[in-house]
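S.K.: I'd like to ask you about the structure that follows.
Throughout, read-outs are computed from the coordinates displayed, never taken from laboratory work. As the structure is a prediction and not an experimental result, all values here were calculated from the model. For neighbour counting, all protein chains shown are included, and Cβ atoms are generated from backbone atoms with ideal geometry for every residue, glycine included.
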Amino acid sequence: MSAHADGSGRAARPIARVLVDSPLPQLDRLFDYAIPPQLEPEARPGVRVKVPLRSAGRVLQGFVVDVGEEPDAERALAEIETVVSTAAVLPARLHDLARAVADRAAGSANDVVRLAIPRRMVRAEKAWLAREASAAPRVDDDALARAEGILGEHPGLAERLAAGDRVAVDAVPVATGGAPAWAGLMSSAAAATLAGGRSAILAVPDHRDLARLADALAEMVPEEAIVRLDAQQSAPARYANYLRTLEDAPCIVIGNRSAVLAPVADAGLVALWDDGDPLYEEPLAPYAHARDVALVRQSLAGGALVFCGHTRSSDVERLVGIGFVADVPRARRVSPRVVLAAPQDSPETARIPSSAFRTAGEALAHGPVLVQVARPGYAPTLVCAECRAPARCAPCGGPLFAPARGATPTCGWCGRSAHGWQCAHCEATRVRLASSGSERTADELGRAFPGVRVIVADGAHPVERVDDAPALVVATRGAEPWAPGGYRAVLLLDGERMLQAPDLRIGEACLRGWSNAAALAAPNATIHLVGVTGPVARALATWTQPAYARSELSERAPLKMPPAFRVARVEGDVPQMSDALSRLRVDVPELPDDAVLGPVPADDVAGRKRARALVRFDYARGADVARSLRASVVQAAVTSRSRRPKREETSGRTRSPANTLAVRLDVADPEL
């Protein structure tokens, strides 16, 4: 691409539009740079470059998003300093997706790109550049026939996938064979998509689900068709797999929340398993949920979008209710046998009623039994034995817990052992175990069922799989091991305690955790839900989770709470906060008077008074609200930078300006 004369006789210069890698919100745009003649062959769209930034007086890395020509020979343009690599790792389709996601979340496109593209590994990149082009993988006819049979259990699903529709599918809640039924369903959809010559992206919450999905896929498609992207991989392996997704040959990408950003050339399917899991919430700016990223991607590039789960999140149910997502039920309804059991009054059976004990004892003769509890550890909570006041650490005031049976109480904050503890209320010196964690439950059940193997599965004791031999498996919610033959009985304990958590979506979270545990049961096994009544218990017992999601939506709509409405949290210095809210009223005059909750005082930072507010708005106003709040963030950053001295007088070091206004959209559990 050489400079040439335009119609006026002046030479048109080749230029590159570069997305610079900077956390500053005011730099969230494309910058024009002249391409030196020696770099013209390498400065192609998607490659990494180094460019000077005059305002900062330094050199930054960035990506070439587009190349063109500048007809104005008099325009002053800085030149690209160097091309870091000739690998085009940011295709236009990924930049477009990043820009759209960032705009929806009032964030920076560069932050989304940083989440999508792994850290560069030179050796892996060189190997990829020297490779031969990958061939399109072929799905075996027998495997394709099995996939079509599984998809056929949901009438119309195969046709909707081929048409690129958005669908919600309820997975079969019965565990049999080498992989869960949901993994077989998603693998079948991916295999059918791959057989049609298009790529598929399958996202799951954590590494346990990823392992089960990989096992199911291995029976459907050749190994070279599966591309894994997750944080547990080594950096070279993850980067090499990312580079594979840039090729034209179709593949099946599996991974966690960031896998939804995989830049495959032609995505015929994006599927999310269990979208209500909080692990899909991105903890880094711009905090976009994987479900929202998938929806944005589908609107830009088409292809089928599938939400699959044992429960229905209220977010997906809202989309089903407005007709944006189609509900595809199974031809034959399958539900586990759930019994609602009330705890008895005697101390021996306070947590586990006699009926659940009998069920567990009978089931142990045939295989493993799952016992789900609320919390890990031995006794997560201690109280005074006399007045029942919470036991607190004397030095720091943190809660005390018992790490083991008969052990000295320990502080959960500072880790000190509470030797010689004394109650601050009644001066008593004895504590009482107020709760039972996974280890204490295992201890109690081990004494109740002597000679039976007891397995603890929680964050401190991860267990991926158990065999079909008799065993009591005590697990916290979400840490239940996979049993190939299914659990012969499932006991769901501490349900009432779980529902007491101060969370807007605690009912949904509990129903999701209980449903996923119940789905691990073998056919005809009994599931006991202990000590829970009300709508959540009825939804589990009747296996009508979508109806519960609809009831949650109807209750939240009058309160303008998510997901019936979108909610943004705005926090910053008081002057910037006031300016942002005033600007929002001007930019979006249709907002009702009660749209803003607050502001209320927030924690001061560096002596600056800060405040926090919530903004509630309907989905039709989402783009306008995001645009206004983003403009306020940029303005606050520019103002803060102009008022801050560039260098410390004592050290001479450059100070990075701190953003004084922070915005987060689509807060799942809003609180001031």
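S.K.: Rounded to whole Hz and in sequence order, give me ³J(HN,Hα) for region 39-47 from the Karplus expression 6.51 cos²θ - 1.76 cosθ + 1.60, θ = phi - 60°, writing x for Gly and Pro.
M.R.: Residue by residue, region 39-47 yields 9, 4, x, 9, 7, 10, x, x, 7 Hz.
S.K.: Can you put 561, 186, 220 in order, fewest other beta carbons within 10 Å first?
M.R.: With the sparsest Cβ surroundings first, the list reads 561, 220, 186.
S.K.: Something else: Could you state the angle between the C-alpha long axis of helix 622-643 and the longest principal axis of the C-alpha atoms of the chain, as a value from 0 to 90 degrees rounded to the nearest 10?
M.R.: 70
S.K.: What is the local net charge at residue 577, summed over the other residues whose Cβ is closer than 12 Å to its Cβ (Lys, Arg +1; Asp, Glu -1)?
M.R.: It works out to a net charge of +3.
S.K.: Distances over 22 Å make up what percent of all Cα-Cα pairs in region 141-328?
M.R.: 39
S.K.: Now for a different question. Can you compute the modelled spin-label distance between residue 547 and residue 136, with each label point 7 Å from Cα toward Cβ, in nm?
M.R.: Here the modelled spin labels are 4.7 nm apart.
S.K.: Roughly what would the spin-label model give for residue 235 and residue 54, points 7 Å off Cα along C-beta, in nm?
M.R.: My value for the distance between the label points is 3.5 nm.
S.K.: Given the options 525, 53, 320, identify the residue whose Cα lies farthest towards the positive end of the charge dipole of the chain (+1 on Cβ of Lys, Arg; -1 on Cβ of Asp, Glu).
M.R.: 53
S.K.: Amide H of residue 457: which non-local residues (sequence gap of 5 or more, or other chain) have their own amide H closer than 5 Å, using H built in the peptide plane?
M.R.: The list, which skips near neighbours in sequence, is 474, 475, 476.
S.K.: Would you calculate a helix-derived [θ] at 222 nm for the chain, using -39,500 (n - 2.57) for each DSSP H run of n ≥ 4 and dividing by the full residue count, to the nearest 500?
M.R.: Helix contribution divided over all residues of the chain: -9000 deg cm²/dmol.
S.K.: Taking amide H atoms as placed 1.01 Å from N in the peptide plane, list the residues 5 or more away in sequence, or in a different chain, whose amide H sits under 5 Å from that of residue 270.
M.R.: Those lying under 5 Å, H to H, from residue 270 are 201, 304, 305, 306.
S.K.: Going from the alpha-carbon gyration tensor of region 344-427, what semi-axes, largest first and in whole Å, does one get by taking the root of 5 times each eigenvalue?
M.R.: They are 34, 16, 9 Å, listed largest first.
S.K.: Find out how many positive minus negative residues lie around residue 334, taking Lys and Arg as positive, Asp and Glu as negative, among other residues whose Cβ is under 14 Å from that of residue 334.
M.R.: +2
S.K.: Near the amide H of residue 70, under 5 Å away, which other amide H atoms are found, from residues 5 or more places off or on another chain, if H is placed in the peptide plane?
M.R.: 13, 15
S.K.: Output ³J(HN,Hα) for region 237-244: one whole-Hz value per residue in order, computed from phi by the Karplus curve 6.51 cos²θ - 1.76 cosθ + 1.60 with θ = phi - 60°, and x for Gly and Pro.
M.R.: Here the 3J(HN,Hα) series is 5, 5, 5, 4, 5, 4, 4, 4 Hz.
S.K.: Of the listed values [x] 0.97; [y] 1.01; [z] 1.05, identify the label whose number matches Rg/Rh (Cα atoms, Kirkwood Rh) calculated from this model.
M.R.: [y]
S.K.: Which angle between 0 and 90 degrees, to the nearest 10, do you get for helix 438-448 versus the longest principal axis of the chain when only C-alpha atoms count?
M.R.: Once rounded, one gets 20 degrees.
S.K.: Given that compact globular proteins tend to follow 2.2 N^0.38 Å, what is the ratio of the alpha-carbon Rg of region 4-129 to that value?
M.R.: Region 4-129 yields a ratio of 1.10.
S.K.: Related question: In whole Hz, what ³J(HN,Hα) sequence does region 468-479 give by Karplus (6.51, -1.76, 1.60; θ = phi - 60°), x for Gly and Pro?
M.R.: 8, 6, x, 6, 9, 9, 9, 9, 7, 4, x, 9
S.K.: With everything on Cα atoms, drop me the angle between helix 92-104 and the longest principal axis of the chain, reported from 0 to 90° to the nearest 10.
M.R.: Taking the Cα atoms of the chain, the angle to 92-104 is about 60 degrees.
S.K.: Multiply the residue separation of residue 468 and residue 88 by 0.36 nm, subtract the distance between their alpha-carbon atoms, and state the gained length in nm to one decimal.
M.R.: Full-extension gain reported as 131.9 nm.
S.K.: Looking at 565, 94, 186, which one has the Cα that reaches farthest to the positive end of the dipole of the chain (charges on Cβ: Lys, Arg +1; Asp, Glu -1)?
M.R.: Positive-most Cα among the choices belongs to 565.
S.K.: Let me ask you something else. How much of the DSSP bridge set in the chain is antiparallel, in percent, rounded to the nearest 5?
M.R.: If we restrict to bridges inside the chain, about 50 percent are antiparallel.
S.K.: Longest exposed-loop-site-free stretch of the chain, with GluC sites (Glu not before Pro), DSSP loop and at most 13 other Cβ within 10 Å?
M.R.: Value returned for the longest uninterrupted segment is 133-426.
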